[in-house]
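Any read-out appearing in this document is the output of simple, stated calculations on the displayed coordinates, not a laboratory observation. Model, not experiment: these values are computed from the prediction. Cβ sites come from the backbone with ideal geometry, for glycine too, and all protein chains shown count toward neighbours.
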Amino acid sequence: MSDIKLACDVAEQIKTICDKHGNNPGELINILHEAQHLQGYLPEEIQRIIASKLGIPVSKVYGRLQPVDVKKIIEDLE
């Protein structure tokens with residue numbers, strides 16, 4: 001885990017965002033968007049809080065944050 005330490009109020013705000021979306025894994029993108037707006041970026045600790053609240057692996061949260069190479073996908077389909 002990284003050395004970043006979140007303030008308790010930030011961690012609570014992230015949990016509140018998850019609760020607002022019903023802790024629904026299907027709302028992951030919306031939750032990430034709100035969390036990023038709140039903090040400006042999504043450090044590992046925020047990703048872990050979100051994963052825990054949604055009951056999903058951290059890897060799924062991290063995977064949604066990675067850029068998609070659309071050109072490569074299209075080339076692979078051709």
### Task
Order the peptides 21-33, 40-52 from the highest to the lowest mean number of other Cβ atoms within 10 Å of their residues.
40-52, 21-33
### Summary
Rounded to two decimals, the Rg over Rh value of region 1-43 from Cα coordinates and the Kirkwood Rh reads 0.97
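What's the exposure ranking of L38, L77, going from fewest to most Cβ atoms within 10 Å? Write out the running numbers ahead of the final one.
Numbers: L38 14, L77 6.
Ranking L38, L77 by Cβ neighbours within 10 Å, fewest first, gives L77, L38.
Full extension from I29 to S52: what is 0.36 nm times the residue separation minus their Cα-Cα distance, to one decimal in nm? Mind dumping the intermediate values first?
Values: separation 23, 0.36 × 23 = 8.28 nm, distance 1.53 nm.
Extra length from I29 to S52 when fully extended: 6.8 nm.
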### Task
Determine ³J(HN,Hα), in whole Hz, for all residues of region 20-28 in sequence, where each value follows from phi through the Karplus function 6.51 cos²θ - 1.76 cosθ + 1.60 and θ = phi - 60°; x replaces Gly and Pro.
4, 9, x, 6, 8, x, x, 9, 3
